[in-house]
Amino acid sequence: MEFDTQKQLVIVGGGPAGLAAAMEAFRNGIAPDDILIIERDRELGGILNQCIHAGFGLHMFGEELTGPEYSGRFIEEVKNAGVGYVTNSMVLSISDERIVTFVSPEMGFVRMKAGAVVICTGCRERTRGALNIPGTRPAGIYSAGTAQRYVNIEGFMPGKRVVILGSGDIGLIMARRMTLEGAKVLRVCELMPYSGGLARNIAQCLDDFDIPLYLSHTVTEIRGKERVEGVVISKVDENRRPIPGTEEYVECDTLLLSVGLIPENELAKLAGIELDRITGGAVVNQYNETTVKGIFACGNALHVHDLVDFVTREAYTAGRSAAKFIKDGGFEVATGEIICKTSGGVRYTVPQKLIKSVTVPEELKFYMRVDNIYKNVKLELHAGGETLKSVKKRSVAPGEMESLTLGAAECAKLYSLGVNELEITLLHSEEEAK
Amino acid sequence: MKKNLTCIVCPIGCRLEVTLDDNGKVVDVAGNTCKRGHDYAMTEFTDPRRTLTTTVRLTGSDSDSFLPVRTSAPIPKPKLFEAMKKVNTLEANAPVKVGDVICADFIEDGINLIACKNIDQGDSHDNSKR
Amino acid sequence: MEKIYDIAIIGAGVTGAMLAHKLAKYKLDVAVLEAGCDVASGASRANSAIVHAGFDAACGTLKAKLNVRGCAELPVLAKQLDVPYKNNTSLVVAYGEEDEKMLEVLLERGRKNGVPKLEIIDSARLHEMEPSLSPEATAALYAPTAGIICPYDLTMAAAENACINGCEFYFDYKVDKIERDGDILNICAGDKTIRARYAANCAGVHSDEIARLIDPEFPIKLIPRRGEYMVLDKAEGKTVSATIFMVPSKAGKGILVSPTVDGNLLVGPNAHEVGFKDDTSTEAMGLEEISQGARRLVPSANLRAVITSFAGVRPTPDTDDFHILPSAAAGNFLNLVGIESPGLASSPAVAEYAIEQLAKMGVTLKVRDDYNPFRTEKGHMRKPFRELSNEEKAELCKKEPAYAKIICRCETITEGDILAAIRRPLGAKTVDMVKMRTRAGMGRCQGGFCSPRVVEILANELGVSPMDIKKRDCGSDILCDKTK
């Protein structure tokens, strides 16, 4: 396939993942002018630009930063290093031969051959349409992120009397933000019997302002011709089905939806990258390399994270690996792959597989999410009938990402077992008792 | 008397159990996993405080019309809405750097309202280029 | 003296817009009066988007005649007006002997109606053509002339062509009174009046009410029957290639599964009478009903990939045929009532037939010599960015950088596409009008990312505050205040 120009490294997306991946590749020897970050918004920083609340960076910097402060640090690094970037620019396709086609008002229509590509396209919000909420289709229905952009970036209020469906963190943060800006947030409804957000956000975003949280409730109808006039809220049973007779009409002019995030992987699909059906992101190995050689993925495009700090760490791995790939032309494979399986309430793990490299890794880090709230469990990694790692957890919840790290000795052990699969599982206390 | 609360100092969100004496003074904190959690519980019942994050109007930039800001330290929780009113009367001018004081002694002496984003001066606002 | 139009068309749905388009080639002053803020505000915005072959309507009806004619003309017209049309064919699928008997009936009826190339195919051939169809399907009626088209795109195209040929459009003009002043009709909406020598009532689901404004004895009653639909992600667009129907019942042509010209998969409609003609809301039960119907046809259809659902209201007449006749009370007032499905497929033929009627009523038809048959002043419309070849894209980005700036990432819609939609005849003024004209916001994120940008572009281009930009009609405010 034809191309017009070349770069060693193309990074698709200039949010926290893309910025960190670019810097780490730069630190690992890729020339700054041979890196190009392609950002679709008008500035670098990604969605953090609109996340003006504090709570980012405790792991990375030991302090709590706002979103713009967190991304600002990486933007400064990128600018100081002279790493290349274009804004208002959008990648249209990536081929399996790493030809990146993009448009940019500055550069026009470009087909760029890349030595390596890192996909850092983030995620999008689930919509009213995907939930199939019945009723009318008036103005006044926004995803929480869209509302956040209006309020924090554009300076507009999308509504005054607000019902929020979904208690994910963005929904909770927006409940507080809209309240501070003078709106009345009437209630937050959550389909599940537990919140998908952090406990502290329930405390400081809802409880602080006496906003009620209705667990096991959902919106079953939207009313209003031109603008939302109200919503019908129903209690749901244990199968998340609305219970007839529990309907309650709540008058409001706005419905905010915070009902889940979906990794954006249209580009990955075009490149023929295998996707994980559970995460919605690419299947990757320990180098964050996808199933297409030289194309890497990290951040929310790979799987939805709870904390940006972990995005940064993951992006460092991807950036470092991309630099290695560019310099060495790939990764040495000794004896094939180890497939990473999950069980016992662990929904997925990233990476999904390991390449058995010639040199034993110093560290292997696994990220995962569970399917329910569990108390007093052990998160364990098993291989070849042995427990390589066991970590006690007081509580795990679907809203929070968990991780397991194998140190050098444990990695050596894993490699010595000669297995081709491992399993990450939760050990529940009842089982323990047996 | 014992009371439960959720710690808000970090994303872990520990469930704290606080023991109060008859005067409402905190005499014991349990469930915290760090010193900051302990401190949070101690003040939450006597002088609850929150860091305010919001935006102020911004002039002088081509790219941004609003500047994200925060208080340099937590301010009394009951004064959050008063603080929001005051914020809405303020205006910042580009260029700004992270940490620039947008309003000194904001709500309380010694607490400043500070910028959270680096924003360059816009070309159309740069007088030296005219 | 106020202007007197030769013809006033009431309603800018596909029927009214097509009539305006067909009248544009004659030396006539034409006005189109539309209650909504855009063309295609009623049933023309929300239907199955199917160009039916013409075997459904009973033999000898006007509906049957105009359907077959319209189906033949639409591919040509679509090309002229730059409207994507696809001859994807259709299949009415039978499950067992009872259904197969019905296929014979449809085949016979279709042949009598003059539908070309109709045939019944067996299960083997059917499944070879559509491998994802239910294995229980035993046979099908195959209609090679059927197709798909975007109904609001066709309506817009027809209206834009009329507009550049001098037809005048009045929006937010909800006709509530019609007076006869000698040979002139005073057509009023609130305190506004438009005067015309002739009028054509193309008011869709409200056309019986409009007919009664001039003739209280007008006999036909329209029954509003709502149909609900779901739109699936483009990833599912290739689940079937033809339009797949169930064997029709009394309630209508039943639930279908069809690709759309834009590459999505459309599922629906059901048919339920509603009390209120503009009730386009959806219901949980209805969506479940169409899901079940779709699963019966295509068990593997991935209904979890739904990106949006909607409903439209059919103007079903109690007479079961199109009514295109002058009012009994006024010889200069033409009624087009009960133009329900296949109204889209029939639309060019409906317009031609209406013009024949107008001629009989006394309208003089003299062909203009400066008639422009296209959609823009300069001929064919520029293709949307996403449909250009790489070379064309590169060229356009160089010439106009606005085309190098993607606003709607799901559908690859550029700022240039959006500006063009605002600047063209009957250009976009609201977010939904941009959406209808460009598809910005129609993708899987449903405008989550692009709607703030579209609001901004509209506000800049129209010279108003973003606060003044509406979603659809007045009252559909998007933003209610400034934060400071």
- For segment C:283-338, which residues satisfy the criterion of being assigned to a strand (DSSP E or B) and within 14 Å of chain A (Cβ to nearest Cβ)? C:VAL306, C:ILE307, C:THR308, C:SER309, C:PHE310, C:ALA311, C:GLY312, C:VAL313
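Listed here are the residues, each with its yes/no results for (1) over 25 Å from A:ASN300 (Cα atoms); (2) within 14 Å of chain B (Cβ to nearest Cβ); (3) touching a Gly at 6+ places or on another chain (Cβ under 8 Å); (4) surrounded by fewer than 24 Cβ atoms within 10 Å (Cβ to Cβ).
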site: A:THR101; (1), (2), (3), (4): no, no, no, yes
site: A:ILE119; (1), (2), (3), (4): no, no, yes, no
site: A:ALA130; (1), (2), (3), (4): no, no, no, yes
site: A:TYR150; (1), (2), (3), (4): no, yes, no, yes
site: A:PRO158; (1), (2), (3), (4): yes, no, yes, no
site: A:ARG176; (1), (2), (3), (4): no, yes, no, yes
site: A:CYS189; (1), (2), (3), (4): no, no, yes, no
site: A:MET192; (1), (2), (3), (4): no, no, no, yes
site: A:LEU206; (1), (2), (3), (4): yes, yes, no, no
- Query: In segment A:61-72, what count of residues is obtained for those that are in a helix (DSSP H, G or I) and buried (at least 16 other Cβ atoms within 10 Å of the Cβ)?
  - Reply: 6
- Message: Please pick out the residue among A:GLY145, A:GLY122 that is more than 20 Å from C:MET442 (Cβ to Cβ) and either modelled with pLDDT of 95 or more or not assigned by TED's automatic domain parsing to the domain that holds A:LEU267 (or both).
- Response: A:GLY122
- Mind listing just one residue for me: the one in segment A:223-269 that is of a type in the set (Gly, Ala, Ser) and under 18 Å from A:MET192 (Cα atoms) and, of those, surrounded by the fewest Cβ atoms within 10 Å (Cβ to Cβ)? A:GLY260
- Exactly one of (1) in contact with a Pro (Cβ under 7 Å, 6 or more places away or on another chain); (2) in a loop (DSSP other than H, G, I, E, B); (3) modelled with pLDDT of 95 or more is unmet by C:ALA428. Its number? (1)
- Query: Only one of C:GLU128, C:GLU100 is assigned by TED's automatic domain parsing to the domain that holds C:VAL257 and touching a residue at least 12 places away in the same chain (Cβ under 8 Å); which?
  - Reply: C:GLU100
- Task: Inspect segment C:445-461 for any residue being buried (at least 20 other Cβ atoms within 10 Å of the Cβ), away from chain A (no Cβ under 12 Å), among the small types (Gly, Ala, Ser) and closer than 19 Å to C:ARG45 by Cα and give the result as yes or no.
- Result: no
- Give just the number: which of (1) in contact with a strand residue (DSSP E or B) (Cβ under 9 Å, 6 or more places away or on another chain); (2) surrounded by 13 or more Cβ atoms within 10 Å (Cβ to Cβ); (3) within 13 Å of chain A (Cβ to nearest Cβ) does B:MET42 not satisfy? (3)
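Results for (1) in contact (Cβ under 8 Å) with a residue 40 or more places away in the chain; (2) over 23 Å from B:SER65 (Cβ atoms); (3) under 19 Å from the mean Cα position of the chain (by Cα), shown as yes or no for each residue.
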position	(1), (2), (3)
A:GLU2	yes, yes, no
A:THR5	yes, yes, no
A:LEU48	yes, no, yes
A:THR87	yes, no, no
- Query: Looking at segment C:465-480, is at least one residue more than 12 Å from chain A (Cβ to nearest Cβ), crowded, with 24+ Cβ neighbours inside 10 Å and either more than 29 Å from C:GLU168 (Cβ to Cβ) or touching a strand residue (DSSP E or B) at 6+ places or on another chain (Cβ under 9 Å) (or both)?
  - Reply: no
- Scanning segment A:68-81 for residues that are within 22 Å of the chain's Cα centre (by Cα) and free of Cβ contacts under 8 Å to residues at least 40 places away in the same chain gives A:PRO68, A:GLU69, A:GLY72, A:ARG73
- Does segment C:170-191 include one or more residues that are under 19 Å from the mean Cα position of the chain (by Cα), surrounded by 24 or more Cβ atoms within 10 Å (Cβ to Cβ) and closer than 26 Å to C:ALA46 by Cβ? no
- Query: Which residue out of A:GLU69, A:GLU106 is at pLDDT below 95, within 9 Å of another protein chain (Cβ to nearest Cβ) and over 25 Å from A:SER321 (Cα atoms)?
  - Reply: A:GLU106
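The values are calculated or read from the model by the stated rules, or taken from the named source; none is laboratory data. The structure presented is a predicted model; accordingly, all values stated were derived computationally and were not measured. Glycine gets a Cβ as well: all are built from the backbone with ideal geometry, and neighbour counts include every protein chain shown.
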